[in-house]
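Contents: one structure, followed by commentary.
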Amino acid sequence: MKILVTGGAGFIGSEYVRNVLGGVYGDVDTTVTVLDKLTYSGNVANLDVIRDDPRLTFVQGDICDLDLVHDVMPGHDAVVHFAAETHVDRAVHQPAAFVQTNVVGTQVLLEAAHRHGVGRFVHVSTDEVYGSIEQGSWTEDWPLAPRSAYSAAKAGSDLLALAYHTTYGLDVVVTRCSNNYGHHQFPEKVIPLFVTNLLDGGTVPLYGDGLNIRDWLHVSDHCQGINLVLAKGRPGQVYHIGGGTELTNRELTERLLTATGRDWSAVTYVADRQGHDRRYSLSIEKIRAELGYEPAVSLADGLARTVAWYRDNRAWWEPLKARAGLS
Ligand code: NAD
């Protein structure tokens with residue numbers, strides 16, 4: 001099988017590519033083309049352990065570049081599409097970039113996949129497309145009600161992907177996932193930002209009252225879910241991938257303080273994010289029942305491993321934080 005992985009130098013995409021080529025999902029004959037623009041969050045160092053693997057081809061380029069995408073696409077059996085602008089805080093200030101990559105880029109890929117007869121297109125999306133939910137959990141048929149430029153652009157790309165299935169019969173499957181954490185996550189996102197600040201003896205900024213709730217999922221479980229969907233998902237369907245571990249941001253902060261040996265004096269309360277969604281909650285019954293998905297990494301174990309990785313890999317994150325002016 002030959003897979004085109006967009007955004008394969010980012011946090012989740014690189015985990016997926018390392019796992020595919022590392023034989024984690026069993027098929028050692030799979031070859032992978034990574035198409036990645038290497039924006040501020042893309043990092044070829046994330047692929048270091050497989051850099052010399054002859055089954056890997058790396059193409060630096062933009063998914064919005066029609067000519068490039070039509071050059072790269074032919075010959076692939078499947079596309080796993082991760083590439084996106086992903087940071088909600090950035091979407092508040094630069095929404096146009098989110099529409100360009102997440103909506104226009106996705107349409108360029110779908111069109112090329114359709115024209116070049118690609119077998120399957122896995123579109124990786126997010127629970128944020130549903131907006132915010134006070135009680136209960138979203139099912140896959142829940143109405144979309146995105147509330148940020150990030151989630152609105154992702155919702156638009158989900159609908160385009162499903163439209164290519166309806167209109168042209170393209171074998172599209174959409175995944176919607178909860179908040180990921182783990183190694184190699186760009187240190188602007190809450191867990192790596194907090195962990196690295198705390199390891200450095202600094203403070204961490206907690207939004208609003210700290211009571212916003214997120215479901216946390218280890219990145220390896222997300223990628224395992226994507227692999228199941230690629231292999232066995234039904235065409236035209238949406239599948240949730242979640243961890244079943246909801247925490248308020250205060251509870252998450254408490255765990256990170258404990259893991260790094262710090263206390264609440266390291267926490268600064270800051271003004272809430274504009275339009276901050278209160279709670280995300282996904283039902284994962286469909287992927288469990290149909291594809292046998294089950295998250296394998298407990299939050300306690302996953303967080304301990306994540307903190308240890310950032311402690312041991314300063315050379316990876318220190319330059320990124322310095323370049324992005326993060327503290
Ligand atoms: P990331 O920001 O770490 O990586 C994004 C990658 O896409 C980077 O390598 C970047 O260089 C590349 N990219 C950006 N714009 C591009 C373009 N125009 N052309 C080619 N490459 C481009 O993001 P991530 O956290 O790994 O997220 C990957 C996907 O998973 C996204 O689609 C995101 O919406 C989805 N997702 C993420 C989470 C999460 O918690 N991180 C949760 C649910 C869904």
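Taking the longest Cα principal axis of the chain as reference, the axis of helix 149-168 is set at about 20 degrees. Our compactness index for segment 216-272, the C-alpha radius of gyration over the empirical 2.2 N^0.38 Å, is 1.68. Note on segment 58-92 and segment 115-164: Cα centroid distance 17 Å, given to the nearest whole angstrom.
For the listed residue pairs LYS154/LYS189; LYS2/LYS37; LYS154/LYS286; LYS2/LYS154; LYS232/LYS321, the alpha carbons are over 28 angstrom apart in LYS232/LYS321. Proximity of backbone amide H atoms, modeled 1.01 Å from N, is registered between VAL79 and LEU4, ARG120, PHE121, VAL122 at under 5 Å, excluding neighbours fewer than 5 places apart on the same chain. Close amide H partners of ILE241, meaning residues 5 or more places away or on another chain with modelled amide H under 5 Å apart, are ARG176, CYS177, SER178.
Working from Cα positions, state the angle (0 to 90°, nearest 10) between the long axis of helix 219-232 and the longest principal axis of the chain. Compared with the principal axis, the helix lies near 20 degrees.
Calculate how many DSSP beta bridges within the chain are antiparallel, expressed in % of all such bridges and rounded to the nearest 5. Spell out each step's value before the answer.
On the way: 3 of 40 bridges.
So the antiparallel bridges in the chain amount to around 10 percent.
Amide H contacts under 5 Å for TYR293: ARG288, restricted to partners 5 or more places along the chain or on a different chain, H placed in the peptide plane at 1.01 Å from N.
Using only the Cα atoms of segment 93-137, build the gyration tensor, take square roots of its eigenvalues as a ≥ b ≥ c, and label the shape rounded, prolate or oblate: rounded if a/c is under 1.5, else prolate if a/b is larger than b/c, else oblate. Taking the square roots of the gyration eigenvalues as a ≥ b ≥ c, segment 93-137 is oblate. Note on LYS232 and GLU285: their simple-model spin labels are 1.9 nm apart, each label 7 Å out from Cα toward Cβ.
Each Cα pair under 8 Å and six or more residues apart adds its sequence gap; the mean of these over the residue count of segment 108-175 is a relative contact order of 44 percent.
Using the reciprocal of the averaged 1/r over all distinct C-alpha pairs, how large is the Kirkwood radius of segment 43-116 in Å?
On the way: mean 1/r = 0.0717 Å⁻¹.
About 13.9 Å for segment 43-116.
Using only alpha carbons, the chain has a radius of gyration to Kirkwood radius ratio (Rg to Rh) of 0.94. Estimated from helical segments only, the mean residue ellipticity of the chain at 222 nm is -11500 deg cm²/dmol, where each DSSP H run of four or more residues counts as -39500 (n - 2.57).
Each reported figure results from applying straightforward, stated rules to the coordinates on display, with no laboratory input. Small disclaimer: the values here were computed from a predicted structure and weren't measured. Every residue, glycine among them, receives a Cβ derived from its backbone with ideal geometry; neighbour counts consider all protein chains shown.
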